[in-house]
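A.B. asks: Got a structure here, written out as structure tokens. Questions coming.
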Amino acid sequence: MKTSNLSLGNLLCSVFGHRYQVAKKITPHITEYKCTVCNCESTTNISGRLDKLTPELKEINRTLADFYRKRHSLRTVA
Ligand SMILES: [Zn+2]
């Protein structure tokens, strides 16, 4: 027996595309987005394109954000 986990949101997004809203700024170049319709998450990658936000990418972004913040605060202190 097959079960479909397609919700109305998924259906709308597959027809009209996602409605992304900024969820989190990682660096000036990398931003995480969340779709207000189906709640899926995406992120801009190094080449500036949108990628599906996987747990791995989320971890990378967290590291990047941390690194960026540290570098930035070091620069303002020094
Ligand atoms: Zn969506």
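The values are calculated or read from the model by the stated rules, or taken from the named source; none is laboratory data. Worth saying up front: this structure is predicted, and the values here are computed from it rather than measured. Here Cβ is always computed from backbone atoms with ideal geometry, including for glycine, and neighbour counts include all displayed protein chains.
A.B. asks: Restricting the search to the range 46-72, which residues are touching an Asp or Glu at 6+ places or on another chain (Cβ under 9 Å) and in a strand (DSSP E or B)?
C.D. replies: Hit for the range 46-72 is Lys52, nothing else.
A.B. asks: May I pose another question? Only one residue in Ser47, Ser7 is within 16 Å of the ligand (Cβ to nearest atom) and either at pLDDT below 95 or surrounded by 12 or more Cβ atoms within 10 Å (Cβ to Cβ) (or both). Which one?
C.D. replies: Selected residue: Ser7, the only one of Ser47, Ser7 that is within 16 Å of the ligand (Cβ to nearest atom) and either at pLDDT below 95 or surrounded by 12 or more Cβ atoms within 10 Å (Cβ to Cβ) (or both).
A.B. asks: Report whether or not Thr27 is surrounded by 10 or more Cβ atoms within 10 Å (Cβ to Cβ) and under 9 Å from the mean Cα position of the chain (by Cα).
C.D. replies: no
A.B. asks: Take the residues in the range 10-33 that are outside any loop (DSSP other than H, G, I, E, B), more than 9 Å from the ligand (Cβ to nearest atom) and in contact with a strand residue (DSSP E or B) (Cβ under 7 Å, 6 or more places away or on another chain); name whichever of them is farthest from Arg71 (Cα to Cα).
C.D. replies: Gln21
A.B. asks: Under the condition of being among the aliphatic types (A, V, I, L, M) and at pLDDT 95 or above, which residue from the range 16-36 is nearest to Lys58 (Cα to Cα)?
C.D. replies: Checked the range 16-36; the qualifying residue nearest to Lys58 (Cα to Cα) is Ala23.
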